[in-house]
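Structure, as structure tokens:
Please treat every number below as a calculation from the coordinates, not as lab data. A quick note: this is a predicted structure, and the numbers were derived from the prediction, not measured. We place every Cβ from the backbone using ideal geometry, glycine too, and count neighbours over all the protein chains shown.
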Amino acid sequence: MRISKAGLLVVLALLAPLLVELRTVLSWVNVELTVLETGLVGAVLVVAILVWAFLPENGNGKTTEGDASSEN
């Protein structure tokens, strides 16, 4: 896991106000997002963050510390 569980919770919690403010900023430039569209953008961002968070750190799917298969 690339981030601690507590860190992941904080990132996901900060995503809600970020999405609300995104709607506000976009409305200043005459881009209107419905609540459904905002929810969809939020869901895509949550999935992207979760996929990133649960990818292995070294990229090949094996851990570098404590892996019994790498010692043999």
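A few remarks follow.
- Between Leu55 and Val35, the contour length at 0.36 nm per residue exceeds the Cα-Cα span by 4.2 nm.
- Neighbour net charge for Val11 - beta-carbon separation under 13 angstrom, K R +1, D E -1: +2
- Net charge contributed by nearby residues that have their C-beta within less than 15 Å of Leu33 (K/R +1, D/E -1): -2
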